[in-house]
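Read through the structure below, which is laid out as structure tokens, and then see the notes.
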2 protein chains.
Amino acid sequence: MSLIQPTRIDFEDPQLSATRAEIVRELRTFLPSDAVLEQQEQVQPYECDGLSAYRQLPLLVVLPRTVEEVQRILRLCHARDVPVVARGAGTGLSGGALPRGDGVLLSLARFTRILDLDPGARTARVEPGVRNLAISEAAAPHGLYYAPDPSSQIACTIGGNVAENSGGVHCLKYGLTVHNVLAVKLVTIEGELIELGSSGLDAPGYDLLALFIGSEGMLGVTVEVTVKLLPVPERAQAILAAYDDVEKAGQAVGDIIAAGIIPAGLEMMDGPAIQAAEDFVHAGYPTDAAAILICEIDGTSQEVSEEVMRVRDLLLASGATEVRTSRDDAERLMFWKGRKAAFPAVGRISPDYYCMDGTIPRRALPEVLRRTAEMSREYGLRVANVFHAGDGNMHPLILFDANKPGELERTEELGGRILELCVEVGGTITGEHGVGIEKINQMCVQFNPEELAQFHAVKAAFDPKGLLNPGKGVPTPKRCSEYRQLPDHSHRHPH
Amino acid sequence: MSLIQPTRIDFEDPQLSATRAEIVRELRTFLPSDAVLEQQEQVQPYECDGLSAYRQLPLLVVLPRTVEEVQRILRLCHARDVPVVARGAGTGLSGGALPRGDGVLLSLARFTRILDLDPGARTARVEPGVRNLAISEAAAPHGLYYAPDPSSQIACTIGGNVAENSGGVHCLKYGLTVHNVLAVKLVTIEGELIELGSSGLDAPGYDLLALFIGSEGMLGVTVEVTVKLLPVPERAQAILAAYDDVEKAGQAVGDIIAAGIIPAGLEMMDGPAIQAAEDFVHAGYPTDAAAILICEIDGTSQEVSEEVMRVRDLLLASGATEVRTSRDDAERLMFWKGRKAAFPAVGRISPDYYCMDGTIPRRALPEVLRRTAEMSREYGLRVANVFHAGDGNMHPLILFDANKPGELERTEELGGRILELCVEVGGTITGEHGVGIEKINQMCVQFNPEELAQFHAVKAAFDPKGLLNPGKGVPTPKRCSEYRQLPDHSHRHPH
């Protein structure tokens, strides 16, 4: 815990105040007055992102409107060795947009234009502050949409999605952000404007676009994104199956995939998650079930009918105690309502909760559920499990009370152990939320020193001074050697 | 031309002979005698890859059998500043495996084991020298296959596919190598063994796996690859449509994609290509057509029936003069036979031919065909066009006679101009063959100096001394400034 918590920097520190005054003076030479925030009450709203356990006031906040302003801001910070943290909507769950007390918080909130939408090429070129859902809304008149749909899609921005390589319930079929972005324009810390990717299937040279997507603001600042649009499927239908045993549900997931079916979404919730969701939104879930699966099939009407039948048969054969098929779109959305509300639903039954994000091979699902339950008992903390089961991305929610002394710390330790369990069974410590500051210690478990050194070398190729989002994503060797020496980490598995 | 042609290095050069003797002595301390080739007749077979216009004898050839041997070879080369060119089957078409006269040619030909094939997880873990088709053959008893299918799939190896990010006729639906590889183990020039990727959908840290795939042997040497396997589709059917006008065929491609259909393959051939193919393999193509389209649909039996009907209707509506649907697998394979034999077919009607590889937005197809025909007349060189039309990847084949003075040079100049036309219309200079040495000048047109500088910085993060496959893939600033100053390049479009 103490290793994760960053040192809080005093906003009033005299030396930083002097730095602030100086930078503000320079910024004001090319930015309008409403684009530079320097008072404590002005910068307060930016002190955290969706991982609100960590808070830090930024040195100051800038809200540029143009690419040229972004270039000048970054050139200035580069010349003065001032760290820069870029921020979209601040909905991220791993603390990737946590400010630096000695650094500039660069908000892309004013980059909200859809620059071009080409229904023929099925692409949209947008500014980074455009909300994820706004792209689909703009594309809807053409029968098109943007596929990745993180739970926060009503608020989160495409720039943030690029930074975190966001997913969503449909990424099993339609992929993550990296599979749905064709090109990115970015500004380097030195103020250079660079374009990565192209509208073609492949591009020559190293694939810097894929490298950049998911790089958590550490390689450059996104100023334009070209996304792929997909045709809205003719029809979608959902199936809800209940199980008296979590392992049977896990096995059913494998059966569906093994049958060659790629559902648009394949989600799993365990007993505690089902009950919390049902109490909250009354979706009609069977509250006595140990687990439910929600499987959505989309495509042409004929395809959907055929695959829904096959999935029903597989679910019944796998021991489901009940299988329901949505009769219309209203019922389909009702099936999803509880799943989509699972996080706030858990928030109602516990003073606080901590949402984890790990990925495991599908075959390890039963083992990971069993060992998570054991650890839950060991730590005396309830855990509700919500899964993007089809792609093995799990979101255990640890229920705790931050007002009880030591409970936050125990929660974080349990969370860390769950992530390390993911690595142990051959998975990874993140599915779609990124590393940020939250999982930086677990990076020491996921990667060996040579691999981490390679990450740092790539970082230096973009940002030799290490000014972009320092302290996030990739741990220093010093942090890892300290983490590995902690007494309770002797049983961990650095590979 | 003179800028592309690398300086040939004399195999007998006394200083290099001394270097060779010294390195061979050191290599023999840990390699068996059959793993080091140093005589001219022994190294001759390695003097070129599929781009046989460029030839160079390597300093020596090593054929290691184990990862540890690869590590020791690279450590030795790193310590002695000796360049290293890795080679799979040598089927590449852009000269990516062209040896260096002052460097070691590292063949992965002995890494031919399939280490693991997991039908449940649908993955195969293989050594880099395993042939592309051998993976599908090994997976066939489980009803699975490996999707990317370059024309050379019977010979090319998965390590080479990773280096070039290879595609194939099915990549429209199933993606390139980067979309079908889950993990790569590589050895750095310093001899470190690093693993990139994971069996999960996402991995934390920078996406070095995507960066590495397609990096043409310039960042490290692949020693193990984990690929995704897909279920063999229940059924596949092909449709052949003839057109009296190339632009109509181009429009039909757009219509199919716009209808939301993603064919397993969607290929186009123009008149000269049709005639050459028909004369060669007698596939029954309509030789009076200006263009043909071959569209393959795969999936469940029901899906295929439905989509084939829709495609037929679209093709007829787009003005096809004839539409044939394959009645059985024999007829389907017959439709493909001519397409797959197009390159050797053209080889029969011309003493030499040069296969280009560029990608354009689908909407630019008619314009690019028209302007290619104009340039063909301007240079007095015939061009046959073969396209992966669905994804805009074109393979113009320039017919020439290397024995006619100046004709190879004119061919290369025409090829370069076709690639630059691809860039001008918003496309890229490679679809699936890589840059290698062939397209290195066009990289100066595709990218601006800042972008190229970023490529070099990333390269330096892996290989600071620049020993891995030097001179390929990414041009030096000096080369680009020389190329941009050539008198006939004043009309080009560096962006």
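Things to note:
- For region A:443-469, residues that are at the interface with another protein chain (Cβ under 9 Å from one of its Cβ atoms) and part of a helix (DSSP H, G or I) total 15.
- So B:Met309, is it modelled with pLDDT of 90 or more and buried (at least 16 other Cβ atoms within 10 Å of the Cβ): no
- Listed conditions (1) in contact with a helix residue (DSSP H, G or I) (Cβ under 7 Å, 6 or more places away or on another chain); (2) over 30 Å from B:Val308 (Cβ atoms); (3) in the same structural domain as A:Val435 (by TED's automatic domain parsing) are all met by A:Gly390, apart from (2).
- Checking B:Ala389, B:Ala364, B:Ala402 one by one, the residue that is surrounded by fewer than 24 Cβ atoms within 10 Å (Cβ to Cβ) and in contact with a strand residue (DSSP E or B) (Cβ under 8 Å, 6 or more places away or on another chain) is B:Ala402 and no other.
- When A:Val253, A:Val232 are checked against the criterion of being in contact with a Lys or Arg (Cβ under 8 Å, 6 or more places away or on another chain) and β-branched (Val, Ile, Thr), A:Val253 stands alone in meeting it.
- Within region B:10-23, none of the residues are under 19 Å from B:Met218 (Cβ atoms) and out of contact with any strand residue (DSSP E or B) (no Cβ under 8 Å at 6 or more places or on another chain).
- Yes/no for A:Phe335 being under 16 Å from the mean Cα position of the chain (by Cα) and among the aromatic types (Phe, Trp, Tyr): no
- Qualifying residue in region A:195-206 (condition: within 30 Å of B:Ala461 (Cα to Cα), charged (D, E, K, R), buried (at least 24 other Cβ atoms within 10 Å of the Cβ) and at pLDDT 90 or above): no
- Subset of region B:148-181 [among the small types (Gly, Ala, Ser), closer than 20 Å to B:Glu224 by Cα and assigned to a loop (DSSP other than H, G, I, E, B)]: B:Ala155, B:Ser166, B:Gly167
- Being part of a loop (DSSP other than H, G, I, E, B), basic (Lys, Arg) and either more than 23 Å from B:Thr188 (Cβ to Cβ) or facing chain B (nearest Cβ under 8 Å) (or both) is a property that A:Lys472 has.
- Taking the conditions (1) more than 14 Å from every other protein chain (Cβ to nearest Cβ); (2) assigned to a helix (DSSP H, G or I) in turn, B:Val423 satisfies each one other than (1).
- Test: residue in region B:421-430 that is of a type in the set (S, T, N, Q) and either in the same structural domain as B:Gly271 (by TED's automatic domain parsing) or in contact with a Gly (Cβ under 9 Å, 6 or more places away or on another chain) (or both): yes
- The residues on offer are B:Asp149, B:Asp102, B:Asp116, and the sole one that is among the acidic types (Asp, Glu) and either without any contact (Cβ under 8 Å) to a residue 12 or more places away in the chain or within 14 Å of chain A (Cβ to nearest Cβ) (or both) is B:Asp116.
- Of the residues making up region A:259-270, those that are touching a residue at least 40 places away in the same chain (Cβ under 8 Å) and not in a strand (DSSP E or B) are A:Ala259, A:Ile261, A:Ile262, A:Pro263, A:Ala264.
- Complete set of residues in region B:238-258 that are assigned to a helix (DSSP H, G or I) and of a type outside the set (Asp, Glu): B:Val246, B:Lys248, B:Ala249, B:Gly250, B:Gln251, B:Ala252, B:Val253, B:Gly254, B:Ile256, B:Ile257, B:Ala258
For (1) touching a helix residue (DSSP H, G or I) at 6+ places or on another chain (Cβ under 6 Å); (2) of a type outside the set (A, V, I, L, M); (3) over 17 Å from A:Lys472 (Cβ atoms); (4) crowded, with 23+ Cβ neighbours inside 10 Å, each residue gets a yes or a no:
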| residue | (1), (2), (3), (4) |
| --- | --- |
| A:Cys48 | no, yes, no, no |
| A:Leu59 | yes, no, no, yes |
| A:Val62 | yes, no, yes, yes |
| A:Glu68 | no, yes, yes, no |
| A:Gln71 | no, yes, yes, no |
| A:Ala79 | no, no, yes, no |
| A:Leu105 | yes, no, no, yes |
| A:Arg113 | no, yes, yes, no |
| A:Ala121 | no, no, yes, no |
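- The residues on offer are A:Asp288, A:Asp279, and the sole one that is assigned to a loop (DSSP other than H, G, I, E, B), surrounded by fewer than 18 Cβ atoms within 10 Å (Cβ to Cβ) and acidic (Asp, Glu) is A:Asp288.
- Within region A:361-391, the set of residues being within 13 Å of chain B (Cβ to nearest Cβ) and modelled with pLDDT of 90 or more comprises A:Val368 only.
- Which numbered condition B:Thr430 misses (of (1) touching a strand residue (DSSP E or B) at 6+ places or on another chain (Cβ under 9 Å); (2) within 28 Å of B:Gly160 (Cα to Cα); (3) surrounded by fewer than 23 Cβ atoms within 10 Å (Cβ to Cβ); (4) at the interface with chain A (Cβ under 10 Å from one of its Cβ atoms)): (3)
- Matching residues, region A:118-147, being within 20 Å of the chain's Cα centre (by Cα) and not in a strand (DSSP E or B): A:Glu127, A:Pro128, A:Gly129, A:Val130, A:Asn132, A:Leu133, A:Ala134, A:Ile135, A:Ser136, A:Tyr146, A:Ala147
- Test: residue in region B:360-369 that is touching a helix residue (DSSP H, G or I) at 6+ places or on another chain (Cβ under 7 Å), over 26 Å from B:Ala242 (Cβ atoms) and in contact (Cβ under 8 Å) with a residue 40 or more places away in the chain: no
The values are calculated or read from the model by the stated rules, or taken from the named source; none is laboratory data. None of the values given here were measured: they were computed from a predicted structure. Backbone-built Cβ (ideal geometry, glycine too); neighbour counts: all protein chains shown.
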